[in-house]
Amino acid sequence: MTISETDRLHSQLSRFEDMFHGYRTEIVEGNIVMSPLRPFHNRTILEVWSQLKAQLGDDWSCVSDVAFPFSDEFEFCPDLAVIPAVEEARNVTAYSPDLIELVIEVVSPSSIRHDYEVKSRQYAARGLAHYLIFDPRAGHLVTRWNPGPDGYRGSDTIPYGGKAVVETDLGKLTVDTGALPVDPEHST
């Protein structure tokens with residue numbers, strides 16, 4: 001897919017989001033997927049963003065819901081991604097997935113399979129070193145690392161309630177999961 005084709009497709013997806021407020025649109029397995037957003041979802045993103053921002057140096061930025069085209073069949077808009085600040089400052093419509101140092105998804109009822117299976121395989125195959133899955137439904141954080149062509153070789157599940165530390169090339173990043181909301185409709 002050329003840059004102009006990607007820009008055109010991203011423009012079309014943006015129109016879908018404008019027509020259906022409260023939904024995020026991505027391309028997953030060649031299909032347009034619209035996911036409803038709930039307050040606990042956005043609160044989780046904002047809380048994790050503010051915690052990470054306080055720990056990242058000036059050379060790194062957090063971005064949310066921006067396009068990262070992986071292929072013709074996959075264009076993801078991670079809930080949160082850490083990329084070089086100089087790249088974020090370019091303010092383009094889509095960024096290369098190769099820029100991502102840390103990728104984060106927040107599970108919603110409609111994104112369970114995508115976040116745990118599809119994105120996990122795609123992020124690992126692309127070589128993204130660290131993938132964090134915050135699951136307000138289950139009240140836990142899943143950390144994935146050691147990417148390979150078939151998925152991540154390492155994974156831990158950490159219940160909400162304490163501080164989770166993730167060792168990255170940027171250093172140790174800590175998230176206080178006790179500050180995160182839990183989805184009251186689906187928590188287990």
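The values are calculated or read from the model by the stated rules, or taken from the named source; none is laboratory data. Nothing here was measured: the structure is a model prediction, and the numbers come from that model. Cβ sites come from the backbone with ideal geometry, for glycine too, and all protein chains shown count toward neighbours.
Looking at segment 154-171, can you tell me whether even one residue there is surrounded by fewer than 16 Cβ atoms within 10 Å (Cβ to Cβ) and within 21 Å of S71 (Cβ to Cβ)?
No, segment 154-171 contains no residue that is surrounded by fewer than 16 Cβ atoms within 10 Å (Cβ to Cβ) and within 21 Å of S71 (Cβ to Cβ).
Kindly indicate whether R121 is basic (K, R), out of contact with any helix residue (DSSP H, G or I) (no Cβ under 9 Å at 6 or more places or on another chain), surrounded by fewer than 20 Cβ atoms within 10 Å (Cβ to Cβ) and touching a residue at least 24 places away in the same chain (Cβ under 8 Å).
yes
If F16 satisfies all but one of (1) modelled with pLDDT under 95; (2) part of a loop (DSSP other than H, G, I, E, B), what's the number of the condition it fails?
(2)
Got a sec? Which of R43, R24 is more than 18 Å from Y131 (Cα to Cα), surrounded by 15 or more Cβ atoms within 10 Å (Cβ to Cβ) and at pLDDT 70 or above?
Checking each option against the conditions leaves just R43.
Find the residue count for segment 43-85, including only residues that are closer than 22 Å to V118 by Cβ and within 15 Å of the chain's Cα centre (by Cα).
Residues that pass the stated criteria total 21.
Criterion first (basic (K, R) and in a loop (DSSP other than H, G, I, E, B)) does R121 satisfy it?
In short, no.
Can you tell which of A89, A94 is of a type in the set (G, A, S) and surrounded by 15 or more Cβ atoms within 10 Å (Cβ to Cβ)?
A94
Select from segment 145-183 the residues that are in a loop (DSSP other than H, G, I, E, B), farther than 21 Å from E101 by Cα and in contact (Cβ under 8 Å) with a residue 60 or more places away in the chain and list them in ascending order.
L180, P181, V182, D183
Name the residues in segment 46-85 that are surrounded by fewer than 17 Cβ atoms within 10 Å (Cβ to Cβ), touching a residue at least 40 places away in the same chain (Cβ under 8 Å) and either closer than 15 Å to L132 by Cβ or of a type in the set (S, T, Y) (or both), would you?
Q55, S71
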